[in-house]
Amino acid sequence: MKRVQQIILASLALVGVVACANLIPRKGWGPNQGPVVPHDSFPADCALCHESGSWNKIKADFTFDHEKETGVLLQGAHNDAQCLLCHNDRGPVKQFADRGCQGCHEDVHVGRLGMLCAQCHNEETWSPLQKIAEHARTRFPLIGGHAAVDCNACHPQALEGNYETRGIECESCHADDATRATNPDHIGMNLTTNCERCHNPVAWDPALFEHPASFPLTLGHGGSGCIDCHTTPGVFTGLSTDCASCHLDSYQATTNPNHAAAGFATTCATCHTTVQWSGGSFIHSSTFPLAQAHAVPACVDCHTTPGVFAGLSTACVSCHLPEYQATASPNHTAAGFSTDCALCHAPTQWPGAGFSHPGSFPLAQAHAVPACSDCHTTPGTFTGLSTACVSCHLPDYQATTNPNHTAAGFSTDCVQCHATTIWAGAGFTHPATFPLAQAHAVPACTDCHTVPGTFTGLSTECVSCHLPEYQATTNPNHTGAGFPTACAQCHPITLWINGNFTHPSSFPLTQAHAVPPCSACHTTPGVFTGLSTACINCHQDDYQRGHNSSGVSQNCRNCHNTSGW
C-alpha cells in the first residue's frame with residue numbers, strides 16, 4: 001500500500017499539481033472546456049488521500065483497491081507501474097485498453113510477430129520469456145553454445161526488436177572463424193562450408209571430427225595434420241587406405257632390414273602398427289615361432305632368396321647342416337647322430353646341447369659324464385642297447401680284486417652293490433638275517449663265503465665260522481670245560497677276545513667269586529647247571545681246616561662274604 005501512495009504522489013508531481021481545487025473536475029468539462037487530468041474521475045474530497053499539513057504527502061492510512069474501485073485488476077508489473085503511465089492526458093484509458101497490448105505498448109516488431117504479445121511476454125516482466133523454447137519452433141533450435149549467445153549476435157537489430165530471419169548455414173555466422181582457422185588451414189583446404197562435419201554447437205573448438213571407420217585415425221595416425229594425407233585441397237574421399245600409398249618412401253629407405261632388397265610386401269601393417277612406426281614387430285608363422293635365439297638373426301639370414309618367405313623347410317638341418325658337420329665334441333657325423341637337431345638342442349642356446357636320455361636308462365650322476373660314444377660304440381646306433389650294467393662294466397667286474405669278483409663268483413648285477421654316484425667303494429647291505437655289524441663288517445666277503453659264488457644258505461651260527469677259535473681257546477679251555485658252542489652267550493660282535501658272560505642271578509659272581517676260572521667250580525666238563533649254591537659245596541676243605549672240631553654251622557654266609565674269605 002505504501003507503494004501505491006508513492007505512485008499517486010509521483011503522479012501528482014508529474015502533472016504539476018498546484019492546488020487540489022485545480023484538479024476538481026467541473027461538470028460539463030470536455031475536450032474543449034479544460035484539461036483532462038488523472039483525477040477527473042476522482043472524488044472531490046482531496047482529504048481522502050492527501051494530508052492537510054503537506055499537500056505532497058499521502059495519508060498514512062490511504063488505501064486504494066484498483067479492482068474494487070475501477071473494476072480492473074492490476075497484476076505484476078501493471079500493479080507496480082506509476083498511475084500516470086496509464087492515466088494521463090492521452091485520453092480515456094479504456095479506449096487504449098480496448099486495443100490490447102498495442103494500445104499502450106509500441107509494437108517494435110512492426111507486425112512481423114503478430115498481435116499475440118502474450119506468446120512471449122507477460123505482466124511479470126516485459127522481457128521475452130522462454131525465448132530458447134520458442135526458438136525451437138523455428139528451423140534453428142538453440143542448443144549447446146548457441147543457447148548462451150545474445151540475440152543480437154545473430155540478429156543485429158534485436159535490441160530494436162527486429163528479429164529478421166537469418167540463414168541457418170554455419171558459414172552465415174562463422175565465415176570469419178573459417179578464415180582465421182589455420183590448424184588445419186580451412187581456406188587452403190577449402191573447408192569453409194558444412195562446418196558440422198567437424199564442429200558441433202556444444203564445443204566449437206577443438207573440432208570433433210570422426211574419421212570414417214574404414215580408416216580410423218588411431219595412435220600415430222591421429223597426430224598428423226589433415227593435409228599430410230589429403231594433399232589435394234578439398235579432396236577427402238576416394239583415397240587409398242594402403243599403407244604404401246603414404247609410406248612408400250619409408251619402405252624404400254629402410255635398410256635394417258632392407259625391405260626393397262629382401263622383397264618385403266608393401267602391406268606395412270604385417271609388421272608395423274600405428275603405435276610406433278620404428279621397430280616393426282612381425283609375428284612369425286606359428287609353424288616356426290621365432291623364439292629366443294631364433295629371434296636374433298636378420299630375416300635374410302634364413303630367407304636368403306629375396307621375396308621368398310613361404311614354403312621354406314622347418315627342419316633344423318635346412319639351416320644348421322654346417323654346424324652339424326663341423327661339430328667334433330661329439331663328432332655328429334662319425335657317430336651317426338640324427339639330423340633332427342631338436343632332439344638335443346633348443347633355441348635358447350646352440351652350444352652345450354641338453355639331451356634327455358630315455359627314462360628306461362636315465363643318465364644320473366656318474367653316468368652323465370661319459371661321451372655318447374663311450375656307450376654307443378656302434379656309430380648311429382642309439383636304441384636297442386642292453387641296460388644291464390655288465391654290458392658296459394664287464395672289464396671292471398673282471399679286474400676287481402678287492403674283493404675278487406670273478407673268483408668269489410659275485411653276481412654280474414652290479415646295482416646290488418654299486419650306485420651311479422661313484423663306482424669304487426661299493427656299499428652292499430647284508431641281509432637282515434645276519435647284519436654285518438661292528439667286527440663282522442671288517443672281514444672280506446670270502447672270509448665267510450668260502451665257496452665261490454655261494455652267498456645264500458650259509459648257517460648263521462657262530463661256530464660255523466668260529467669253531468677254530470673255540471677249539472684253540474685255553475683261558476678258559478672251552479673244549480676241556482665243555483662250553484656250549486653258542487658263542488653269543490659270552491662273546492659280542494664288538495670284540496671276540498675276553499668274552500663277557502653274565503652268571504645266573506641265582507648265584508651272581510661278585511667280587512672274589514668273579515676271579516676263579518669257570519672250571520674251578522664247574523669241575524665236571526660240560527655241566528653248568530644243577531650245581532648247588534651252598535657255600536660248603538665248594539668250601540668244604542676250608543671249613544674242615546678251621547671249624548670242624550668246634551661244631552660251627554656250615555652256612556658260611558653267617559660269617560663270611562665274597563669280599564674276603
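The values are calculated or read from the model by the stated rules, or taken from the named source; none is laboratory data. From a predicted model like this one, the values you see are computed outputs, not experimental measurements. Methodologically, a virtual Cβ is constructed for each residue, glycine included, from the backbone with ideal geometry; neighbour enumeration extends over all protein chains shown.
Are any of the residues in segment 267-290 surrounded by 14 or more Cβ atoms within 10 Å (Cβ to Cβ) and over 31 Å from the mean Cα position of the chain (by Cα)?
Yes, segment 267-290 has at least one match.
With PRO508, PRO468 as the choices, which residue is modelled with pLDDT of 85 or more and surrounded by 12 or more Cβ atoms within 10 Å (Cβ to Cβ)?
Checking each option against the conditions leaves just PRO508.
Do you know which residues across segment 133-156 are surrounded by fewer than 13 Cβ atoms within 10 Å (Cβ to Cβ) and either under 24 Å from ALA77 (Cβ atoms) or in contact (Cβ under 8 Å) with a residue 60 or more places away in the chain (or both)?
If the condition is that a residue be surrounded by fewer than 13 Cβ atoms within 10 Å (Cβ to Cβ) and either under 24 Å from ALA77 (Cβ atoms) or in contact (Cβ under 8 Å) with a residue 60 or more places away in the chain (or both), then ALA133, ASP150 are the ones that fit.
What number of residues within segment 65-82 are surrounded by 13 or more Cβ atoms within 10 Å (Cβ to Cβ) and either of a type in the set (Lys, Arg) or modelled with pLDDT under 80 (or both)?
1
Quick test of your reading of the structure: HIS491 fulfils all but one of (1) in contact with a Gly (Cβ under 6 Å, 6 or more places away or on another chain); (2) at pLDDT below 85. Name the failing condition by number.
Going through the list (1) in contact with a Gly (Cβ under 6 Å, 6 or more places away or on another chain); (2) at pLDDT below 85, HIS491 breaks only (2).
If you check ASP89 against the conditions, is it loosely packed, with under 15 Cβ neighbours inside 10 Å, over 19 Å from THR165 (Cα atoms), at pLDDT below 80 and of a type in the set (Asp, Glu)? Reasoning before the result, please.
Details: loosely packed, with under 15 Cβ neighbours inside 10 Å: yes; over 19 Å from THR165 (Cα atoms): yes; at pLDDT below 80: yes; of a type in the set (Asp, Glu): yes.
Spelling it out, ASP89 is indeed loosely packed, with under 15 Cβ neighbours inside 10 Å, over 19 Å from THR165 (Cα atoms), at pLDDT below 80 and of a type in the set (Asp, Glu).
Exactly one of these conditions fails for ASP301: (1) assigned to a loop (DSSP other than H, G, I, E, B); (2) of a type outside the set (Val, Ile, Thr); (3) at pLDDT below 85; (4) under 23 Å from ASN256 (Cβ atoms). Give me its number.
For ASP301, the failing item is (1).
Could you list, in sequence order, the residues of segment 497-551 that are assigned to a helix (DSSP H, G or I), under 19 Å from THR473 (Cβ atoms) and of a type outside the set (Gly, Ala, Ser)?
CYS518, CYS521
So, CYS521, is that one in contact (Cβ under 8 Å) with a residue 12 or more places away in the chain and farther than 30 Å from PRO403 by Cα or not?
Here the answer is yes, as CYS521 does meet what is asked.
Going through PRO233, PRO212 one at a time, which residue ends up being in contact (Cβ under 8 Å) with a residue 12 or more places away in the chain and not acidic (Asp, Glu)? Explain how you work it out, then say what you get.
On the way: PRO212 fails: in contact (Cβ under 8 Å) with a residue 12 or more places away in the chain.
The conditions single out PRO233.
Search segment 420-450 for residues being in a loop (DSSP other than H, G, I, E, B) and in contact (Cβ under 8 Å) with a residue 40 or more places away in the chain, and hand back the single one that is surrounded by the most Cβ atoms within 10 Å (Cβ to Cβ).
By that ranking, first place goes to HIS449.
Here are PHE140, PHE209: which of them is within 30 Å of THR273 (Cα to Cα), of a type in the set (A, V, I, L, M, F, W, C) and not in a helix (DSSP H, G or I)?
PHE209
Do you know which of the residues in segment 128-178 that are touching a Pro at 6+ places or on another chain (Cβ under 9 Å), of a type in the set (A, V, I, L, M) and modelled with pLDDT of 80 or more is farthest from ASP205 (Cα to Cα)?
LEU142
Within segment 346-366, can one find any residue that is part of a helix (DSSP H, G or I) and surrounded by 11 or more Cβ atoms within 10 Å (Cβ to Cβ)? Give the steps one after another, and end with the answer.
Initial filter on segment 346-366 (part of a helix (DSSP H, G or I)): 365-366.
In the following step, the residues that additionally are surrounded by 11 or more Cβ atoms within 10 Å (Cβ to Cβ) were identified as 365-366.
Scanning segment 346-366 turns up at least one residue that is part of a helix (DSSP H, G or I) and surrounded by 11 or more Cβ atoms within 10 Å (Cβ to Cβ).
Collect the residues in segment 245-288 that are in contact with a Phe, Trp or Tyr (Cβ under 9 Å, 6 or more places away or on another chain) and part of a helix (DSSP H, G or I), keeping them in residue-number order.
Within segment 245-288, HIS247, SER250, TYR251, HIS259, ALA260, ALA262, CYS268, THR270 qualify.
Of everything in segment 329-345 that's surrounded by fewer than 14 Cβ atoms within 10 Å (Cβ to Cβ) and under 20 Å from LEU290 (Cβ atoms), which residue is modelled with the highest pLDDT?
Checked segment 329-345; the qualifying residue modelled with the highest pLDDT is ASP340.
Can you spot a residue in segment 354-362 that is in contact (Cβ under 8 Å) with a residue 12 or more places away in the chain and under 27 Å from SER285 (Cα atoms)? Please lay out each step first, then the result.
Looking only at segment 354-362, we keep the residues that are in contact (Cβ under 8 Å) with a residue 12 or more places away in the chain, and these are 355, 360-361.
Now narrow it down to the ones that are under 27 Å from SER285 (Cα atoms): 355.
Yes, segment 354-362 contains at least one residue that is in contact (Cβ under 8 Å) with a residue 12 or more places away in the chain and under 27 Å from SER285 (Cα atoms).
Could you please give the count of residues in segment 531-565 that are exposed (fewer than 10 other Cβ atoms within 10 Å of the Cβ) and closer than 12 Å to PHE507 by Cβ?
Residues that pass the stated criteria total 2.
Check off (1) touching a strand residue (DSSP E or B) at 6+ places or on another chain (Cβ under 9 Å); (2) in a loop (DSSP other than H, G, I, E, B); (3) of a type outside the set (Lys, Arg) for ALA388 and give me the number that stays unchecked.
Result: ALA388 fails condition (1) only.
Regarding GLU469, is this residue touching a residue at least 12 places away in the same chain (Cβ under 8 Å) and not in a helix (DSSP H, G or I)?
Considered against the rule, which asks whether it is touching a residue at least 12 places away in the same chain (Cβ under 8 Å) and not in a helix (DSSP H, G or I), GLU469 comes out as no.
For segment 194-206, does any single residue satisfy the condition of being in contact (Cβ under 8 Å) with a residue 40 or more places away in the chain and part of a helix (DSSP H, G or I)?
no
Those residues that are within 18 Å of ALA441 (Cα to Cα) and within 58 Å of the chain's Cα centre (by Cα), I need them from segment 390-430; list them, please.
GLN416, CYS417, HIS418, ALA424, GLY425, ALA426, GLY427, PHE428, THR429, HIS430
Of all residues in segment 292-320, count the ones that are within 21 Å of ALA346 (Cα to Cα) and either touching a residue at least 40 places away in the same chain (Cβ under 8 Å) or not β-branched (Val, Ile, Thr) (or both).
17
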